[in-house]
Structures are given as C-alpha cells and as structure tokens.
Amino acid sequence: MNTMLWILQVCLAVVFIVPGFGKIASSKQQHIADGHIKPDGSIVPIRILGILEWLGCIGIILPWLSGISPVLTPIAASGFSAIMVGGLIVHIQKKEYKMLPLLLTILLVSTFVAYFRFRQLSN
C-alpha cells in the first residue's frame with residue numbers, strides 16, 4: 001500500500017506542478033486569452049492558486065519523505081481535493097464538461113491519498 005501511495009503522491013505532484021507554474025509565470029494577457037479571467041479581472045487569485053499548487057507539490061512529498069511533520073502530506077492531499085472541488089464547480093458553471101472526468105479523477109486520487117496517509121498516521 002505504501003508503494004502505491006508514493007506513486008500516487010508523485011503523480012499528484014507532477015499533475016499540479018506545470019499548471020501551477022503557468023498560473024504563476026503567465027502574463028495577465030495570456031490568462032485573458034486563455035479565458036481564465038475577464039479583461040477587467042484581477043490576476044491575484046490566479047497567482048495565489050498557482051502558489052498554493054506549488055506548495056502542495058512540496059507538501060505532498062517532502063514531509064512524508066523526511067519524517068518532519070508528516071501530517072502535512074495528507075493535509076496537502078486534502079488541499080488538492082479542495083482545489084479540484086473548486087475546479088469542478090468553475091468548469092460546470094462555464095459549461096466546460098470535457099474537463100470534468102480529469103478533475104474528478106484527480107479529486108478521487110487526492111482524497112484516496114489523504115485518507116490513507118491520515119490513517120497511517122493514526123496507527
């Protein structure tokens with residue numbers, strides 16, 4: 001089980017690192033062109049989300065690997081679950097249904113990791 005959880009944790013980190021970087025590094029004009037924000041919208045929420053995704057990539061791996069505050073790993077997985085719930089809501093509101101299977105899969109994987117890592121901590 002531990003090996004499978006590690007594989008899933010690495011997969012989650014990989015899944016979030018590239019979009020997180022895009023949210024941090026892309027210009028406001030690029031986000032407008034991609035439809036992430038309206039022309040008069042603020043870039044700040046997108047940047048914050050990108051930073052949170054990067055922190056989650058660190059938190060999903062490092063605490064459990066190092067043994068320092070390992071509770072942060074299932075908390076990071078729970079954070080990814082919350083991001084995915086938010087993503088599902090936004091994409092449903094925008095009627096972008098083709099994204100839903102991917103978002104739902106990531107939600108299930110991150111919830112699975114959170115549950116079993118919390119469970120391992122309690123033993």
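The values are calculated or read from the model by the stated rules, or taken from the named source; none is laboratory data. What you see is a predicted model; the values in this text were computed from it and never measured. Glycine gets a Cβ as well: all are built from the backbone with ideal geometry, and neighbour counts include every protein chain shown.
Any idea which residue in the stretch 1-13 is surrounded by the most Cβ atoms within 10 Å (Cβ to Cβ), counting only those that are among the aliphatic types (A, V, I, L, M) and in contact with a Phe, Trp or Tyr (Cβ under 8 Å, 6 or more places away or on another chain)? Checked the stretch 1-13; the qualifying residue surrounded by the most Cβ atoms within 10 Å (Cβ to Cβ) is 12. Pull up the stretch 1-36, narrow it to residues that are assigned to a helix (DSSP H, G or I) and of a type in the set (Gly, Ala, Ser), then point me to the one that is farthest from residue 77 (Cα to Cα). Here the answer is 33.
If you take the residues in the stretch 63-89 that are in a helix (DSSP H, G or I) and among the β-branched types (Val, Ile, Thr), which one is farthest from residue 119 (Cα to Cα)?
For the stretch 63-89, the residue satisfying everything is 89.
Taken residue by residue, the stretch 76-84 has at least one member that is within 30 Å of residue 122 (Cα to Cα) and either without any contact (Cβ under 8 Å) to a residue 24 or more places away in the chain or of a type in the set (D, E, K, R) (or both). Residues of the stretch 100-114 being farther than 17 Å from residue 4 by Cα and buried (at least 20 other Cβ atoms within 10 Å of the Cβ), which ones? Within the stretch 100-114, just 103 meets the criteria.
Among the listed residues 39, 45, identify the single one that is outside any helix (DSSP H, G or I), over 24 Å from residue 113 (Cα atoms) and without any contact (Cβ under 8 Å) to a residue 24 or more places away in the chain.
Details: 45 fails: outside any helix (DSSP H, G or I).
Of the residues listed, the single one that is outside any helix (DSSP H, G or I), over 24 Å from residue 113 (Cα atoms) and without any contact (Cβ under 8 Å) to a residue 24 or more places away in the chain is 39.
Here residue 72 meets the list (1) exposed (fewer than 12 other Cβ atoms within 10 Å of the Cβ); (2) within 17 Å of the chain's Cα centre (by Cα); (3) among the aliphatic types (A, V, I, L, M) almost entirely, failing just condition (1). Only residues that are under 12 Å from the mean Cα position of the chain (by Cα) and hydrophobic (A, V, I, L, M, F, W, C): list them for the stretch 109-123, please. Scanning the stretch 109-123 gives a single hit, 109.
Among the listed residues 60, 75, which satisfies the condition of being of a type outside the set (Asp, Glu), at pLDDT 95 or above and in contact with a Leu (Cβ under 8 Å, 6 or more places away or on another chain)?
Numbers: 75 fails: in contact with a Leu (Cβ under 8 Å, 6 or more places away or on another chain).
The conditions single out 60.
Can residue 42 be described as over 19 Å from residue 89 (Cα atoms), of a type in the set (S, T, N, Q) and modelled with pLDDT of 95 or more? The answer is no for residue 42.
Can you find even one residue in the stretch 14-28 that is surrounded by 11 or more Cβ atoms within 10 Å (Cβ to Cβ), within 20 Å of residue 99 (Cα to Cα), touching a helix residue (DSSP H, G or I) at 6+ places or on another chain (Cβ under 9 Å) and in contact (Cβ under 8 Å) with a residue 60 or more places away in the chain? Yes; the residues of the stretch 14-28 include at least one that is surrounded by 11 or more Cβ atoms within 10 Å (Cβ to Cβ), within 20 Å of residue 99 (Cα to Cα), touching a helix residue (DSSP H, G or I) at 6+ places or on another chain (Cβ under 9 Å) and in contact (Cβ under 8 Å) with a residue 60 or more places away in the chain. Within the stretch 29-57, the set of residues being farther than 21 Å from residue 111 by Cβ, surrounded by 15 or more Cβ atoms within 10 Å (Cβ to Cβ) and not aliphatic (A, V, I, L, M) comprises 31, 36, 47, 50.
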